[in-house]
Amino acid sequence: MNLQEFLLYMNSGKEVVCGSEIHKYMSELAQEAIRLTLQLNTKYNTQEEIYNIFLELTNKSVGKNFRLFPPFYTDCGKNLTIGDNVFINSGCKIQDQGGVFIGDGTLIGHNVVLATLNHQFEPTLRGNIFPRAINIGKNIWIGANATILPGVTIEDGAIIAAGAVVSKNVPKNTVVGGVPAKVIKKIK
């Protein structure tokens, strides 16, 4: 198993069987992510140092003017794509094995959770997981303590209210909030 094969499989949305080769590779990537996020979270880093840690964490380029206030948590990093002018506030947790794509100009508030994995419902197969990407458009504002669930797309210009649990796609230029999140109003 290599990174390219892993990403191809995870982005297909196919079930990952507990104990399989892909599942074991996920654990290896998690150990690397723990090492890198410990570097990020246990000492002061300049924005340039944070950017360089993210280059290693994601294994790809990170958008221009990316800013982050630690602590930050991820259990993979390799399936995380960050656009230009993105800001991530402290305490965020991004589970990106299923793919997280953050568009230009996005602002992510304190303690936001982005979760891309669901477990098998069948109790005897509960260790199996299903990856589903989260797609965050351009100029999005995600309020503090919001949770975005697997497979959600947030279209350009939307606002996610603080504390919202987003389980369905969010239309362009709308404000959503609540548990589960519902459209509160249209912007413009």
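The values are calculated or read from the model by the stated rules, or taken from the named source; none is laboratory data. Because the structure is a prediction, the values reported are computed rather than measured. Please note: Cβ atoms are built from the backbone with ideal geometry, for glycine as well, and neighbour counts cover all protein chains shown. What goes into the accessible areas is simple: the full protein's heavy atoms, side chains included, and nothing from ligands, DNA or RNA. Shrake-Rupley method; radii C 1.70, N 1.55, O 1.52, S 1.80 Å.
For region 43-188, which whole percent of the accessible surface, found with a 1.4 angstrom probe, sits on carbon and sulfur atoms?
Ligands and nucleic acids excluded, carbon and sulfur reach 57 percent.
Beta carbons within 10 angstrom, averaged per residue: use that to sort the peptides 40-46, 138-144, highest first.
Put in order of decreasing packing, that is 138-144, 40-46.
With a 1.4 Å probe and all protein chains left in place, how much accessible area per residue does region 16-73 have, in Å²? Show your work: numbers first, answer last.
Numbers: 3370 Å² over 58 residues.
Ligands and nucleic acids excluded, the figure is 58 Å² per residue.
May I ask you to give the solvent-accessible area per residue for region 86-188, in square angstrom, as obtained with a 1.4 angstrom probe? Display every interim value, and only then the final one.
Working: 4650 Å² over 103 residues.
About 45 Å² of surface per residue is accessible.
Would you work out which of Val113, Leu149, Ala162 lies farthest towards the positive end of the dipole of the chain? Charges go on Cβ: Lys and Arg +1, Asp and Glu -1.
Value computed over the given set: Ala162.
For region 57-181, what is the charge dipole size about the Cα centre, in debye to the nearest 20, if Lys and Arg each add +1 at the Cβ and Asp and Glu each add -1 at the Cβ?
So the magnitude is around 80 debye.
Over the Cα atoms of region 76-115, what Rg and Dmax result, in angstrom?
Taking only Cα atoms of region 76-115, I get Rg and Dmax of 9.6, 23 Å.
Would you tally the net charge around Asn173, using a Cβ to Cβ cut-off of less than 15 Å, leaving Asn173 out, and scoring K and R as +1, D and E as -1?
Net charge in that neighbourhood comes out at +3.
To one decimal place, what Kirkwood hydrodynamic radius in Å is obtained for region 50-103 from all pairs of distinct Cα atoms?
11.0
Given just the C-alpha atoms of region 4-70, how large is their convex hull per residue in cubic angstrom?
Numbers: hull volume 7.0 nm³, N = 67.
About 104 Å³ per residue, rounded to a whole number.
How large is log10 I(q)/I(0) at q = 0.17 Å⁻¹ when the Debye formula is applied to the Cα atoms of region 70-173, each weighted equally and without solvent?
-0.70
How large is the accessible surface of Phe69 in square angstrom, using a 1.4 angstrom probe and rounding to the nearest 10?
My reading of the accessible area for Phe69 is about 90 Å².
Hey, could you get me the Stokes-Einstein D for the chain, Kirkwood radius over alpha-carbon pairs, 25 °C and 0.890 mPa s, rounded to whole µm² s⁻¹?
On the way: Rh = 16.7 Å.
Calculated translational D: 147 µm²/s.
Can you list the trypsin sites (Lys or Arg not before Pro) in region 1-41 that are in a DSSP coil and have 14 or fewer other beta carbons within 10 angstrom?
Passing both the DSSP loop test and the Cβ count: Lys14.
Looking at region 22-181, how many pairs of lysines come closer than 25 Å at the Cα, when each pair is eight or more places apart or spans two chains?
So the count works out to 22.
Quote the accessible area belonging to Ser12 in square angstrom, nearest 10, computed with a 1.4 Å probe and with ligands, DNA and RNA left uncounted.
60
For region 149-188, compute Rh as the Kirkwood radius over C-alpha pairs and then the Stokes-Einstein diffusion coefficient at 4 °C and 1.567 mPa s; write the answer in µm²/s, rounded to an integer. Don't skip to the end; give the middle numbers.
Numbers: Rh = 9.8 Å.
D = 133 µm²/s.
For the chain, what proportion of DSSP beta bridges, expressed in % and rounded to the nearest 5, is antiparallel?
20
Mind grabbing the base-10 log of I(q)/I(0) for region 94-149 at q = 0.16, 0.17, 0.20, 0.21 Å⁻¹? Debye formula, identical points on the C-alpha positions, no solvent, two decimal places.
Ignoring solvent entirely, the Cα scatterers give -0.53, -0.58, -0.73, -0.77.
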